[in-house]
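Peer 1: Before I ask anything, here is the structure I am working with.
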Amino acid sequence: MKSYSVILPILALFISCLLACNNNKTQDQSISQYETGENGVVVSAHPLASKIGLDVLKSGGTAIEAAVAVQFALAVVCPRAGNIGGGGFAIIRLADGSVDALDYREVAPLQSQRDMYLDSLGQVVKDLSVKGGLSIGVPGTVDGMAMLMDKYGSGMSLAELIEPSKNIAENGFLISQSEADRLNRYKSDFEKYTDHSSPFLKADEWAVNDSLIQLNLAETLKLLQQQGRDGFYKNSHAIDLVDKVNSTGGVLSMSDLLEYKSVWRTPIQHDYKEYRVISMPPPSSGGLVLAQMLSMLDKIEIDTFSDINSGYIHAMVEVEKRAYSDRAKYMGDSDFVDIPIVEMLSSSYLDKKLDNYDIGTASMAEQIYNDLDFQTLESYETTHTSIVDKYGNAVSITTTLNSNYGSKVYFEKGGYFLNNEMDDFSSKPGTPNQFGLVGGEANAIAPNKRMLSSMTPTIIEKNDSLYMVLGSPGGSTIITSVLQVFLNVAQFNMPLDIAVNHKRFHHQWLPDHILYEDGCFEEVTKAHLAAKGHKFEQTKAIGKVKAILIQGGKMIGSGDQRNLDDAVYTY
Ligand code: DON
């Protein structure tokens, strides 16, 4: 008896140490979603990914190197959205205050056609742009990570940064309850687009703490360690990838892969009071829509509200619908269409947009523009990471496969899911995509063109110093999620975790209703808004923000309780 009382605690300690050493921290152990540090912070959608990022920072790596390591980690531990089969955007602010933006968004394959999702009667064929090979855009992630390292790498190699993720792919990790639920939910889709060698297909149900081993993904990561971007875009990996996409109905070619290039862009920078908001330019709509909203909010003196009441919500949604209507009408890939950015951000133009703004009455969508139509809204997934290092560099990076597990096409030999980013184009101008977003000619499909995005990786300065790093998944709701968290902190002085977890609302012009989370409004607030003419639609969750706030010389990180796997690591 006596010996057991000694052995058991030692055994327990040994087991917990083993788990910790294996990095197999799961949902059942408490994941920290709110932490303060002094030297570095990583907020991502998974504890293993945040831990890998923090290890890079601790070993002297920069926020940029940590971001690259986290991107590969998410490709392993967050297969629904983290990826090497998709794309994304990164906003960078170096310690010296210089800023940059990397666009590693997917492009439409060269054999794409404007009407590729329409039937002979010109109607959109359901699901063609959402599931299967034809929904897949040319992946940009691997090229993007290589570009980040080429320009900003400062000592660590791509191979080193990939190593811990390759090990997890090879040895497995214990999945969380939410991952298990999701894998079970999508089983029939997986069966449709995957052969039976997929590690995501299982005879029985997935359960929390099941181990997910991805041997083929580990092999691909090894290839990237040895050959860099060429391991992905050339040679046998590329040939097999083209075969897989085309065998599920796609139109990918070797030229698509050989010619893929990420692009360095100039961030949208917008001054709002003592803040400078630095965010993603086209082909993301995020930076422009955010800047338009902030400008209009300034004009209607949003800062006079001391709490989130019906007047504040009315003002916010009126501004949101005006900015989103411009998104629909003017925005697309700026390498293909002229977006009147200067005009759209000019004071006189935004004054005109506010001409019919009325504090007592909701403007109807058709009073803003009336040449587009809408239908429905569905569910989605993406993932954001915010990082600050001890040198003062910051990275805000959002990556996506678009829907959960993208097109559901799993490339067995490569070991990863492929995106369904083609749905972000306007398949038919005026007809909504899976986010209910309508778009115009500017976002019509063309070969090698980037589809318009709402991803809004953002960095904010206050009086010229680093203040916030934030971003979110959530499709069309990303931009308004970023806006609300910023204002919750800057205007309402909420602590970061309260600001992030505060209930959110959203308006995107079409559909013409306020989307809101349960508990967002008191009944009386809702009644006031209804009296002004607003309509409502409740939804489960709006955005899953990962944010860092620099305050009093400390770095505060917050994940979002809407994603139980969000994890903050600091030191
Ligand atoms: O780029 C975009 O705007 C979308 N593909 C993002 C999708 C997304 O955020 C889904 N996540 N929740």
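Peer 1: Averaged over every viewing direction, what's the projected area of the C-alpha convex hull for region 408-494? Give it in nm², one decimal, please.
Peer 2: On the way: hull surface 35.7 nm².
Approximately 8.9 nm², given one-decimal rounding.
Peer 1: A further question follows. Could you check how many percent of all C-alpha pairs in region 317-446 are farther apart than 17 Å? Walk me through the intermediate numbers first.
Peer 2: Numbers: 5890 of 8385 pairs.
Roughly 70 percent, once rounded to a whole number.
Peer 1: By count of other Cβ within 10 Å, fewest leading, how are 544, 51 ordered?
Peer 2: Fewest-to-most ranking of 544, 51: 51, 544.
Peer 1: Is there a pair in 51/192; 299/428; 273/321 whose C-alpha atoms are over 24 Å apart, and which pairs would that be?
Peer 2: Numbers: 51/192 34 Å; 299/428 35 Å; 273/321 22 Å.
Exceeds cut-off: 51/192; 299/428.
Peer 1: Largest first and in whole Å, give the semi-axes of region 73-113's equivalent ellipsoid, each being the square root of 5 times a Cα gyration tensor eigenvalue.
Peer 2: 26, 19, 5
Peer 1: Per 0.36 nm of contour for each residue apart, how much would the distance between residue 338 and residue 498 grow if the chain were fully extended, relative to their Cα-Cα spacing?
Peer 2: 53.6 nm
Peer 1: Continuing with this model, one more query. Starting from the Cα coordinates of region 455-506, work out the convex hull volume and express it per residue in Å³.
Peer 2: 75
Peer 1: What residues qualify as long-range amide H neighbours of residue 551, i.e. H under 5 Å apart, gap of 5 or more or another chain, H built at 1.01 Å from N?
Peer 2: 556
Peer 1: Using only the Cα atoms, what convex hull volume per residue in Å³ does region 42-110 have? Show your work: numbers first, answer last.
Peer 2: Numbers: hull volume 6.4 nm³, N = 69.
Hull volume normalised by residue count: 92 Å³.
Peer 1: What is the diffusion coefficient of region 31-168 in µm²/s, taking the Kirkwood radius over Cα pairs and the Stokes-Einstein relation at 37 °C with a viscosity of 0.692 mPa s?
Peer 2: 195
Peer 1: Jot down the radius of gyration and Dmax of region 220-262, Cα atoms only, both in angstrom.
Peer 2: Here Rg and the maximum Cα pair distance are 10.6, 31 Å.
Peer 1: While we're here: Return the sequence-ordered ³J(HN,Hα) values of region 348-365 in whole Hz as given by the Karplus equation 6.51 cos²θ - 1.76 cosθ + 1.60 applied to θ = phi - 60°, using x for Gly and Pro.
Peer 2: Those phi angles translate into 5, 5, 6, 4, 5, 4, 8, 3, 9, 6, 9, 5, x, 9, 6, 7, 7, 3 Hz.
Peer 1: On the first, second and third principal axes, largest extent first, how far apart are the outermost C-alpha atoms of the chain in Å?
Peer 2: Largest first, the chain extends 76, 60, 46 Å along its Cα principal axes.
Peer 1: Sticking with this structure for a sec: Compute the relative contact order of the chain as a whole-number percentage, counting only Cα pairs closer than 8 Å that sit 6 or more residues apart in sequence.
Peer 2: 25
Peer 1: I'd like the Karplus ³J(HN,Hα) series for region 555-565: coefficients 6.51, -1.76, 1.60, θ = phi - 60°, whole numbers in Hz, and an x wherever there's a Gly or Pro.
Peer 2: Using θ = phi - 60°, the values come out as 10, 10, x, 9, x, 10, 5, 5, 10, 5, 8 Hz.
Peer 1: From the C-alpha gyration tensor of region 282-366, pull out the three semi-axes of the equivalent ellipsoid (sqrt of 5λ each), sorted largest to smallest, in whole Å. Can you show the working numbers first?
Peer 2: On the way: eigenvalues 120, 31, 27 Å².
One finds semi-axes of 25, 13, 12 Å for region 282-366.
Peer 1: I'd like the FRET efficiency for residue 36 and residue 118, computed as 1/(1 + (r/R0)^6) with the beta carbon distance as r and R0 of 60 Å, rounded to 0.05.
Peer 2: 0.70
Peer 1: Ranked from highest to lowest mean number of other Cβ atoms within 10 Å per residue, what is the order of the peptides 111-123, 499-511?
Peer 2: 499-511, 111-123
Peer 1: Something else about it: Around residue 285, which amide H atoms from residues at least 5 apart in sequence, or from another chain, sit under 5 Å from its own amide H, with H modelled in the peptide plane?
Peer 2: Under 5 Å from the amide H of residue 285: 453, 454, 455.
Peer 1: How long is region 243-289 along each principal axis, judged by its Cα atoms, biggest number first, in Å?
Peer 2: Each principal axis gives a Cα extent; for region 243-289 these are 54, 19, 11 Å.
Peer 1: Normalised by the residues of region 130-246, what does the relative contact order come to in percent, with Cα pairs under 8 Å and at least six apart?
Peer 2: 35
Peer 1: I need the semi-axes of the equivalent ellipsoid of region 221-380: take the C-alpha gyration tensor, multiply each eigenvalue by 5, square-root it, list largest first in whole angstrom.
Peer 2: Taking √(5λ) for each eigenvalue gives 41, 19, 15 Å, largest first.
Peer 1: Could you work out how far apart the two model spin labels at residue 126 and residue 209 are, taking each label as a point 7 Å from the Cα in the direction of the beta carbon, and quote it in nm?
Peer 2: 4.1
Peer 1: Within the chain, which complete DSSP H helices have Cα atoms spanning at least 24 Å along the helix axis and a mean Kyte-Doolittle hydropathy of -1.0 or higher?
Peer 2: TM-like helix candidates: 2-21, 310-330.
Peer 1: Something else now. Using modelled amide H (1.01 Å from N, peptide plane; none on Pro or chain starts), what sits under 5 Å from the amide H of residue 393, excluding residues fewer than 5 places away?
Peer 2: Amide H to amide H, under 5 Å and 5 or more residues apart or across chains, residue 393 pairs with 63, 95.
Peer 1: Once you charge only the Cβ atoms, +1 for Lys and Arg and -1 for Asp and Glu, what is the size of the charge dipole of region 64-189 about its Cα centre, to the nearest 20 debye?
Peer 2: With Lys and Arg at +1 and Asp and Glu at -1, about 420 debye.
Peer 1: Nothing charged except the Cβ atoms of Lys and Arg (+1) and of Asp and Glu (-1): what's the magnitude of the dipole of the chain about its Cα centre? Round to the nearest 20 debye.
Peer 2: Roughly 660 debye, rounded to the nearest 20.
Here, each number is a calculation from the coordinates, and none is a lab measurement. The structure presented is a predicted model; accordingly, all values stated were derived computationally and were not measured. Positions of Cβ are backbone-derived with ideal geometry, glycine not excepted, and every protein chain shown enters the neighbour counts.
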